[in-house]
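J.: Following this message is one structure expressed as structure tokens.
The values are calculated or read from the model by the stated rules, or taken from the named source; none is laboratory data. Bear in mind that the values here come from a model prediction, so they are computed numbers and not experimental data. All Cβ positions, even for glycine, are placed from backbone atoms using ideal geometry, and neighbour counts span all protein chains on display. Heads up: the accessible areas ignore ligands, DNA and RNA and are worked out on the full protein's heavy atoms, side chains in. Shrake-Rupley method; radii C 1.70, N 1.55, O 1.52, S 1.80 Å.
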Amino acid sequence: MNFQEKIRNIAVVAHVDHGKTTLIDKMLKESISKRDFEALSERAMDSDELEKERGITILSKCTGIKYKDYRINIVDTPGHGDFGSEVERVLAMVDGVLLLVDAFDGPMPQTRFILKKCFEYNLHVLLVINKIDRPGARPEEVLEMVYDLFLELGGENVNLDFPVIYASAKEGYAIKDLKIQGEDRFKDKLNPLFDAIIDFIPHPLILNKPELEFLVTSIGHDDFLGATAIGIVKSGKLKVNDSVYLYNAKDELVKTKPNKIFLFDGLKRTETNEINEGDIALAAGLTGVNAGDYIVNDKPVSPLQRIKIDEPVILVNFIVNKSPFSGKEGKLVTTRQLRERLFKEVSNNVGLKVVETGDETVFDVYGRGLLHLSILIEKMRREGFEFAVSKPKGVIKEIDGKKMEPYELLYITVKDEFTGGALERLSSMKGNLLDMTKDDKGNTYLEFVIPSRSIMGFHNEFLTMTKGTGTMNHNFYKFDEYAYDISPRKNGVMISMENGEANSYGLFNLQDRGSLFVSPQGEVYEGMVIGIHSKPGDITVNPCKKKQLTNMRSKASDEMITLTPPIKLSIEYALEFIEDDELVEFTPKSIRLRKKLLSENDRKKESRGLLKV
């Protein structure tokens, strides 16, 4: 028996919050030593700072466990649709997937996306219905929904004879039969899941070819090792200090040499001298490598299969910060620094695309969604960058002479009392209702196909409409005919006419006109958006206005001023809020909204066609 037959390479995939990372935690805890078990933190695979703060997986990560005499390499993947490119490149490494579905929610947008990709890669799918201990869980109904999804995406010839495991990742047990109840569910812990992986997921394909093909799926940097690359050996073997070539997307061969190689063992990396077919490993010292490149020992005779990534669907401009406060809070503000950082991100973030424009201070950045771009923005803020970002737009394409735009599948859960309002609003946004179901707990489930542009800015309105009780999930569906021109924001904004410091008196006189973004002692500049006007149309105001001093005193005039707390801007809220003539200014400490033209006179000239932006 070849040693590769004792290897299983799997990815754990699911919609966001369906329990992937928790399940991998439990799988790790069952396979590591007691000392490592005690040191293992909750959601250990989410090691990135932003992942811990937001409670989501952003980057795919590898680990490995030993079960009986098998080595199971596991890849944790993001669950949010905006990070679909992370999932797509991982699927090229594995032979099967654990598809997690929530026993209450059922299949969601990312479930559909992942399953479709699994069919494209001919991967074996092992279904895990998770959270069966959750109140309101409906595992039998969810299983039927998954069967329907298989038939819809895979056609009539799809194989429905796949294993089904029922689990509670939180409690750490897995069972094959729902008839098992009570304490009996804990008897075998996660062993039924491990056994199903070994029995159903095939071992890596053994080609026995001498030619080396090491596919790089992600790159990184280590303080001690330098540049690192994670990937899988498709054929041949790779040894430490081998003279090999980097074979990039341009079909160029570049000499390189790995100085260290590691296999994954739990949360640790085990150093090894060589890796063989089927091994998922980390190689250090491969300078200049990008995700999707191959490491080879000679130019391939036949073309190698490249990682296929779906196109971006959203576009924003990243612009060098030119506001009056430029350079006050950040240390990285120049065009060169912004350009280098954006193109550095492209080398590993395969779902991102950066294009230079005619203006050297402006870069077109294409992404998979608002969250995808907001994570990049937050990382750059923490690194000390200052920059401005324009209003997000859907990517417009021309197909067969027709103007096409991206559409999304939108899943909404609302209380029955809010169903009418949600239907009316989404229909006015050119949403097409596909399905509508109700449960016995007063919830209505709606499924729409809707232009991506319509969803931008809708989330906050939706929460207000449903009094915070509604949930919405969406994922890219397809490109279809351009629907309509979306009407601008209903409310205008309040724009500062002064440079200076906002004070309580000036803001108190403005809060009757709308909601504010700034607080007393906050610095403002001319052209900065300081609040939302309660009526349509923008107004220019003075938040720095001070109370005139007089010799007269009265009880009424000396009353304490009470201010409503300002709206706290988040990255996603700011990007959804702005219009075409506005920008969001990002610095390490602040998020500000501003007009593209700061001067009121310039804005008036532009509105009359006397000035081009």
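J.: Remind me, relative contact order of the range 377-446 in percent, using alpha carbon pairs under 8 angstrom and six or more residues apart?
T.: 26
J.: Give the peptides 293-304, 584-595 in descending order of average Cβ contacts within 10 Å, highest first.
T.: On the way: 293-304: 15.0, 584-595: 20.4.
Going from most to least packed, we get 584-595, 293-304.
J.: For the range 172-317, what are the per-bin percents of Cα-Cα distances with bins 10 Å wide, up to the bin holding the maximum?
T.: Spelled out bin by bin, the range 172-317 gives 10, 32, 25, 18, 12, 3, 0 percent.
J.: With a 10 Å radius around each residue's Cβ, average the other Cβ atoms per peptide and rank 426-439, 504-517, highest first.
T.: Peptide ranking by packing, descending: 504-517, 426-439.
J.: Using the Cα atoms as the points, what is the convex hull volume per residue of the range 113-193 in Å³? Intermediate results must be reported in sequence, preceding the final value.
T.: Working: hull volume 8.6 nm³, N = 81.
For the range 113-193, the hull spanned by Cα atoms encloses 107 Å³ per residue.
J.: Sticking with this structure for a sec: Once Rh is set to the Kirkwood radius over Cα pairs, what Stokes-Einstein translational diffusion coefficient, in µm²/s, holds for the range 268-337 at a temperature of 25 °C and a viscosity of 0.890 mPa s?
T.: 136
J.: To continue, here is another question. Over the alpha carbons of the chain, what is the largest minus smallest coordinate on each principal axis, giving the biggest first in Å?
T.: 97, 62, 59
J.: Need one number: nm distance between label points at residue 331 and residue 469, each 7 Å from Cα along Cα→Cβ, rounded to one decimal.
T.: 5.1
J.: Run through the range 229-293 and list the GluC sites (Glu not before Pro) located in a DSSP loop whose Cβ has at most 13 other Cβ atoms within 10 Å.
T.: 252
J.: What spacing in nm lies between the two simple spin-label points modelled at residue 383 and residue 144, each 7 Å away from Cα in the Cβ direction?
T.: Modelled inter-label distance: 5.1 nm.
J.: Per the Cauchy relation, a quarter of the hull surface: what is the mean projected area of the convex hull of the alpha carbons in the range 399-463, in nm²?
T.: Average projection, Cα convex hull of the range 399-463: 4.8 nm².
J.: Taking the alpha-carbon distance from residue 237 and a cut-off under 21 Å, which lysines remain once sequence neighbours fewer than 8 residues away in the same chain are dropped?
T.: Answer for residue 237, where 21 Å is the Cα cut-off: 6, 209, 255, 257, 260, 299, listed by chain and number.
J.: Still on this model: Pick out, in residue order, every one of the GluC sites (Glu not before Pro) in the range 78-171 that is DSSP loop and has at most 15 other C-beta atoms within 10 Å; say none if there are none.
T.: Here the GluC sites (Glu not before Pro) that fit, given the DSSP loop and packing criteria, are 156, 171.
J.: For the range 422-499, what D do you get in µm² per second when you plug the Kirkwood radius from alpha-carbon pairs into Stokes-Einstein at 25 °C and 0.890 mPa s?
T.: 166
J.: Beyond 20 Å, what share of the Cα-Cα pairs of the range 342-491 remains, rounded to the nearest whole percent?
T.: The share of Cα pairs beyond 20 Å in the range 342-491 comes to 58 percent.
J.: Over 22 Å, how big is the tail of the calculated P(r) for the range 139-251, in percent of all Cα pairs? Please report the intermediate quantities before stating the final value.
T.: Values: 3910 of 6328 pairs.
Pairs farther apart than 22 Å: 62 percent.
J.: Tell me the per residue accessible area of the range 86-221 using a 1.4 Å probe; a whole number in Å² is fine.
T.: Ligands and nucleic acids excluded, the result is 43 Å² per residue.
J.: Now a separate question. Compute, for the chain, the length of the dipole vector about the Cα centre, with Cβ point charges of +1 (Lys, Arg) and -1 (Asp, Glu) only. Units Debye, rounded to 20.
T.: Around 1700 debye, computed over the chain.
J.: Next up: Can you order the peptides 107-116, 180-189 by their average number of other Cβ atoms within 10 Å per residue, highest first?
T.: In decreasing order of mean packing, 107-116, 180-189 become 107-116, 180-189.
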